[in-house]
Amino acid sequence: MIEIRWHGRGGQGAVTSVEMLALAAIEEGKYAQGFPSFGPERRGAPLAAFNRVNTHQIKVRSNIYNPDIVVVLDPGLIGLVNVADGLKAKGILIVNTTKTAEEISRILNFKGKIATVDATKIAREELGAPITNTTMLGAVIKATGVIKLDSLKVPIEHRFGKLAGRNMKALKRAYNEVKMSNIN
Amino acid sequence: MTTKKKYPEKWTELNPGCMVFEAGSAKAHKTGSWKAQHPVWDNRKCIKCGVCYIYCPEACVSRTEEGYYAADLEYCKGCGICAHECWPGAIEMKEEEV
Amino acid sequence: MAKRVGMEVAIAAAEAVALCRIDVAAVYPITPNTHIAEHLAEIVADGKLDAEYITVESEHSSISACCGASGAGARAYTATSSQGLMLMHEILPIVSAMRLPVVMGLANRAVSGPLNIWNDHSDIMPQRDSGWISFFAENGQEAVDMSIQSFRIAEDPEVMLPIVLNIDGFQLTHMIEALELPSQKEVDRYLPPFRPLATLHPDKPVSMGAYAFPDIFTEVMKVKDSVLIDSKKTILKAWDEWGKQFGRWYKPVETYKADGAEVLIMTMGSMGETASIAVDELRAKGVPAGLVKLRLWRPFPFEEFREAIKGAKVLIVCDRAVSFGGPGGPVAAEVKSALYNDAGRPAVLNFLIGLGGRDVTVENFKDILEKGVQAINKKPAGGYIFYGVRE
Ligand code: SF4
Ligand code: SF4
């Protein structure tokens, strides 16, 4: 079972990322959970959202404390929130940033795998807005292989309708542009 | 002729939800004994507007053949609403006589 | 054919209710309500369901409107949560006394105060004696299945009682997960149209909700109690037929590795699955642990419960509500009274856990089960424990 924690801010659509990923996994015949951090959501305030993906039924319903994957949608959260908290030593940290993996590793004191991508730039160019929730899905898929890129098509189309094409394009770009680096 | 039971004898005889399927069964409860006063109509003042008929909470006021109004005293509770609402003052509440 | 989908559980519950072709939904559509209310509104507004969606000014009104609608012969549904249910409290026993088969989806959340919107069972427990059938869903699939079963059971001529389906708030309602949504055809096959005992219609007058004097009130209470107890027969039948049609089987008390277990842990709602992982881990280490899940809360399934815990030395009851100044959690109190006359009864340990959204982990359940193991062959301590309280 793979556990993922997403960091974003209220209004940035982290809950949508979680939903898209869960739906795509289920679309593949897997089992998945997608859930927000329970409680009120305030625009702009840091928040987390979660996924579990598994090949068979998921029984655990408690919070996620030791994720295998952490995704950071907003570069401004680094330093504000301890995004690497509880992340498994062998886990993967996927960050929307213009910094290098080495810099991120130093700031967070995280020695595991780090993937970086300038998702804000991609989102601005492809979607005309710095909303990185779908873009970062591309980076997550490339860095982890947790689902297939194609499996997102149906949920993204269902969710974004006319804008689905642009979102798919943005996330494909992130898929191609993400830089993987193993610090060790 | 069998006399009707006031209540079902056993709990198993109750209607589901205590529903009463007999229409107008409240007729058996003669509320006329509750009144300390009763309304008396003075048809000379009555303009046949029907307000007393509409306002009577017991729905015991009905129209007579001549188009005036009268209460069925078996059910009239003596509340005086009809007298209060009758603006030409055609209804007067009178004490019940001993 | 049923289709496997990924869906938020609250939305799936609303879809299931729509498949039941309800006539009326009366809901107070803002906090503390969930997506159940919101999504039902969407379904009706989109013209996918020919129903009256009444947005009322309070939950007291939503349940009252359901009462009237059901009396008029409509299949009526409402959804609420925590304080909303508290506001309905006054009307709940009236709905059951009038034998109106209203169905309610309850997203269980803590009751104030202090203000807290998270998951526990403190909203449903004070409604225990309202005369409603009450059951708990453990996951999204069960929330869907039981929403549909609820109408069939409630509207059975032998039952004609309202049902509250407990769906844990957040832990279930806000969870996107995989589940099977039955097709309209399948639901139509399982759920016949609603045939009310009587309807409020001028052509066939009937009085509903009549006064009961002291000389009849005891008899009425006896009827209420008996009908609720007897509803178990219909519930079992409806679950059996569900199993035959859909291949998913439901029991009043579910067990997991309970055979030969010396220590049993008992849960309700969404905690059962997490607890089952702890049981697996302890069993792997050779600890005779097992799990009992109470699905049917009212009518309380005494027989099935006794059968499920037979042979256990320690029974750990996990309560998600507090009976302040009382005998412990409300479930443990009932369990103890159910066992009082049984000679071979197990020791009962009572933990109050998962209050107001406090997370309960597999580790917590393992810890609790180990405490149960330590209690084997010891004189039961009695009382109750606020699990994890900071001291
Ligand atoms: S309200 Fe007065 S005036 Fe009008 S019908 Fe009745 S008695 Fe006559
Ligand atoms: S006194 Fe009251 S009950 Fe009697 S006729 Fe007038 S309004 Fe009706």
Exercise. Within region A:114-139, how many residues turn out to be open to solvent by 30 Å² or more (accessible area, probe 1.4 Å) and in a loop (DSSP other than H, G, I, E, B)?
Worked result: 5
For this session: Tell me, yes or no, whether region C:166-179 has at least one residue that is open to solvent by less than 10 Å² (accessible area, probe 1.4 Å), more than 13 Å from every other protein chain (Cβ to nearest Cβ) and either of a type in the set (A, V, I, L, M, F, W, C) or within 24 Å of A:F38 (Cα to Cα) (or both).
Result: yes
Exercise. Looking at region A:1-113, what strands (runs of 3 or more DSSP E) fall wholly within it and have at least 1 residues that are away from every other protein chain (no Cβ under 14 Å) and open to solvent by less than 20 Å² (accessible area, probe 1.4 Å)?
Worked result: A:2-9, A:69-72, A:92-96
For this session: With the condition kept exactly as written, say whether any residue in region C:370-386 is crowded, with 18+ Cβ neighbours inside 10 Å, aromatic (F, W, Y), outside any helix (DSSP H, G or I) and away from chain A (no Cβ under 14 Å).
Result: yes
Exercise. Among C:A26, C:A12, C:A74, which is the only one that is among the aliphatic types (A, V, I, L, M), outside any helix (DSSP H, G or I) and under 21 Å from the mean Cα position of the chain (by Cα)?
Worked result: C:A26
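Would you confirm, using the coordinates I've provided, whether C:P299 is under 29 Å from C:G140 (Cβ atoms) and within 24 Å of the chain's Cα centre (by Cα)?
Working: under 29 Å from C:G140 (Cβ atoms): yes; within 24 Å of the chain's Cα centre (by Cα): yes.
Here the answer is yes, as C:P299 does meet what is asked.
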Exercise. Looking at region C:110-119, is at least one residue buried (at least 24 other Cβ atoms within 10 Å of the Cβ) and within 14 Å of another protein chain (Cβ to nearest Cβ)?
Worked result: yes
Problem set entry | Residue among B:E97, B:E92 that is modelled with pLDDT under 95 and more than 14 Å from chain C (Cβ to nearest Cβ) | B:E97
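Residues of region B:72-83 being within 14 Å of ligand 1 (Cβ to nearest atom) and either in contact with a Phe, Trp or Tyr (Cβ under 8 Å, 6 or more places away or on another chain) or within 14 Å of chain C (Cβ to nearest Cβ) (or both), which ones? Write out each step before concluding.
Filtering region B:72-83 for residues within 14 Å of ligand 1 (Cβ to nearest atom) gives B:76, B:80-83.
Within region B:72-83, B:I81, B:C82 meet the criteria.
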Exercise. Does C:K232 fit the bill of being in contact (Cβ under 8 Å) with a residue 60 or more places away in the chain, crowded, with 17+ Cβ neighbours inside 10 Å, of a type in the set (D, E, K, R) and over 17 Å from C:I368 (Cα atoms)?
Worked result: yes
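The values are calculated or read from the model by the stated rules, or taken from the named source; none is laboratory data. All figures in this text were calculated on a predicted structure; none of them were measured in a lab. We place every Cβ from the backbone using ideal geometry, glycine too, and count neighbours over all the protein chains shown. For the accessible areas, the whole protein counts, side chains as well, though only heavy atoms, and no ligand, DNA or RNA atoms are used. Shrake-Rupley method; radii C 1.70, N 1.55, O 1.52, S 1.80 Å.
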